[in-house]
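These notes concern the structure reproduced below.
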Amino acid sequence: MADPADVPANRPVDDPDAEAVARCLAGRTDAFEALVERHQKRMLNLAYRMLGDYDEACDVVQEAFLSAWRGLPKFRREARFSTWLHEIVLNVTRNRLKQAQARSRHEAPAADNPRGEDGECLPCRAVSPLELPSERMERKERENKVQECIGTLEGEYREVLVLRDIQGFSYEEIGDMLKVPGGTVRSRLFRARSAMKDCLSRLLGEER
């Protein structure tokens, strides 16, 4: 049995997607379809929380998966596939936010995005569970308030809040994704949570 000290420090991490990734690299497109099926809801949730728009989020996720497929041969297995995929989605959303900011300086506000009959974009319906109409209305109102407050955060604070409090990543994982020290992650998260608390208190207070 090998001495642990002889094992390379940069060995591949324990990744539940490793087998599917290997099959993808061998040319099995069905394996990548399985990866899409496995991760699309979390990626969609991340993109929506960052952008606040379901249709834009759907487009971002499609673009991100396409980039992942094309970049898979360069994927270094020192991180999990899901972590790498989150990085890609974050990069695509950053580009979309920059484009949206540029457009907003030159265009009038756009009309509401087209939705399905139930008010959600058709590719995104799987995100919401089946609910009674009253329960769904309450949930939507609550989510709208949370999302409105998330949207007021600067990009770097929005990212850490979504990755930690919504996606559930550890401080170390977030630091690896964003390429910043753990202390920076904690500092940004503290400020983001404080801003969210103030924003939600203000919105809830306005309802009374």
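Read-outs throughout are calculated quantities, based only on the coordinates presented, and are distinct from any laboratory measurement. This is a predicted model, so every value here is computed, not measured. Quick reminder, even Gly has a Cβ in these numbers, built from the backbone with ideal geometry, and neighbours come from all protein chains shown.
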Problem set entry | Cα-based Kirkwood hydrodynamic radius, the stretch 12-108, one decimal, Å | 14.1 Å
Problem set entry | Net +/- balance of residues flanking residue 16 in space, Cβ distance below 12 Å, scoring K and R +1, D and E -1 | -2
Seminar exercise, completed: Between the modelled labels at residue 78 and residue 197 (7 Å from Cα along Cα→Cβ) the distance in nm is 3.7 nm
Exercise. Nearest 0.05, what FRET efficiency do residue 29 and residue 103 give at R0 = 41 Å with Cβ-Cβ as r?
Worked result: 0.75
Exercise. For the residue pair residue 70 and residue 15, what label-to-label distance in nm results when each label sits 7 Å from Cα along the Cα-to-beta-carbon direction?
Worked result: 2.0 nm
For this session: Obtain the nm distance between the two label points defined at residue 148 and residue 187 by a simple spin-label model: each point lies 7 Å from its Cα along the Cα-to-C-beta direction.
Result: 3.2 nm
